[in-house]
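The values are calculated or read from the model by the stated rules, or taken from the named source; none is laboratory data. None of these values were measured; they are calculated from a predicted model. Cβ: placed from backbone, ideal geometry, glycine included. Neighbour counts: every protein chain shown. When the accessible area is computed, the model is the full protein with side chains, heavy atoms only, and any ligands, DNA or RNA have been set aside. Shrake-Rupley method; radii C 1.70, N 1.55, O 1.52, S 1.80 Å.
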Amino acid sequence: KPFALEGSQETMSCYSWTVGNDAPLYVNGVTFQNEGSFHHSNWFVVPEDVYPGDDGFWPCAERDFNDISAGLGGTVLFAQSTQAQQESMEFTEGAVIRIPARSKLVAGVHLLNLGPDPRETAGWMTLDAIHPGLVDTILSPMMLAYRDLDIPALSRQAFVGACPAGDMGAVELHYALPHYHRAGVEARLSFVEKGEPTVVVDQVGFGGQPMGRSFDPPLEFERFSGVEFQCTYDNPHDETLE
């Protein structure tokens, strides 16, 4: 069902799709397409009895949806790059996201109509599932966020973060997606091994194109000990951006 937007309207909505699967699905790739005005969206897998109600678009506050509770209650499936209309996330042979039996897909969707006229928009998602006998690796998500942004007027600012993880042992990185908006000019992610950071993502610029990257073969870290990240923003306005 399409979502109707007024001219220049910006809004947040939620979307759900009850899969109706009696057995687990092993997803080796995801493709997402939309007709435009999907500014960005984050997709999760949860049990089908979570967020009860009709599928389709619904107000997030009505069912107490937020990204953190959805991620903790299930797993991350897919994240759309800002303004991207078509995007694919593909893993190496045998690497999958597991969707348990009787699951629901749910997303927080940021919608933005950049034009002055009303319009309708919709999106489509395709899951590339493989036979359980072909599965070698079940993937786990990791999300890093810097939410306390304060970018002074007429300035360029870099925000850095570090998440030490002790000595977790061997870790493989299969896919990474930086996320920022128009004021963002660079995102850098490093994996740390034995105290030494290795840059795995260095995204420069913003153009409304897919920014996700698959690693084939996966990047291997035998003694993973944490991550470091940096986001740089350029504020050309005469007001602080938060």
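Tell me the relative contact order for the chain as a rounded percent, counting alpha carbon contacts under 8 Å between residues six or more apart.
Values: 585 pairs, mean separation 64.2, N = 242.
27 percent.
The 3J(HN,Hα) values that the Karplus relation (6.51, -1.76, 1.60; θ = phi - 60°) gives for the stretch 101-108 are, in residue order, 4, 6, 10, 10, 9, 9, 9, x Hz. Gly and Pro appear as x.
Quick one: grab the alpha carbon gyration tensor of the chain, order the square roots of its eigenvalues as a ≥ b ≥ c, and give me rounded if a/c is under 1.5, else prolate or oblate depending on whether a/b is larger than b/c. Present the calculation step by step, with values, prior to reporting the outcome.
Details: a/c = 1.80, a/b = 1.02, b/c = 1.77.
Taking the square roots of the gyration eigenvalues as a ≥ b ≥ c, the chain is oblate.
Under the simplified labelling scheme, the ASN21-GLU93 pair shows an inter-label distance of 2.2 nm, with each label point 7 Å from Cα along Cα→Cβ.
Karplus-derived 3J(HN,Hα) values for the stretch 188-201, using 6.51 cos²θ - 1.76 cosθ + 1.60 with θ = phi - 60°, are 10, 10, 10, 9, 9, 9, 6, x, 10, x, 10, 5, 10, 9 Hz; glycine and proline are entered as x.
Projecting label points 7 angstrom from Cα along Cα→Cβ for VAL135 and GLU120 puts them 3.8 nm apart. First measure r as the distance between the Cβ atoms of LEU154 and VAL204, then evaluate 1/(1 + (r/R0)^6) with R0 = 30 Å and state the FRET efficiency to the nearest 0.05. My answer for the efficiency is 0.90. Taken one residue at a time, the phi angles of the stretch 17-26 give Karplus couplings (6.51, -1.76, 1.60, θ = phi - 60°) of 9, 7, 6, x, 8, 7, 9, x, 10, 10 Hz. Gly and Pro are set to x.
Over the stretch 187-233, what is the relative contact order in whole percent, taking alpha-carbon pairs under 8 Å and six or more residues apart? Could you put the intermediate results ahead of the total?
Numbers: 60 pairs, mean separation 25.7, N = 47.
Relative contact order of the stretch 187-233: 55 percent.
The magnitude of the dipole of the chain, with charges of +1 and -1 set on the Cβ of Lys/Arg and Asp/Glu and taken from the Cα centre, is near 140 debye.
Between TYR146 and ALA170, what is the FRET efficiency for a Förster distance of 35 Å, r being their Cβ-Cβ separation, to the nearest 0.05?
On the way: r = 27 Å, r/R0 = 0.78.
After rounding, the FRET efficiency stands at 0.80.
By the rule of a second cysteine Cβ within less than 4.7 angstrom, the chain holds isolated cysteines at CYS163, CYS231. The stretch 180-242 and the stretch 98-126 have Cα centres spaced 25 Å apart. Rolled with a 1.4 Å probe across the full set of protein chains, the surface gives CYS231 an accessible area near 30 Å². Only helices enter the 222 nm calculation for the chain: every DSSP H run of n ≥ 4 contributes -39,500 (n - 2.57), and dividing by all residues gives -500 deg cm²/dmol, rounded to 500.
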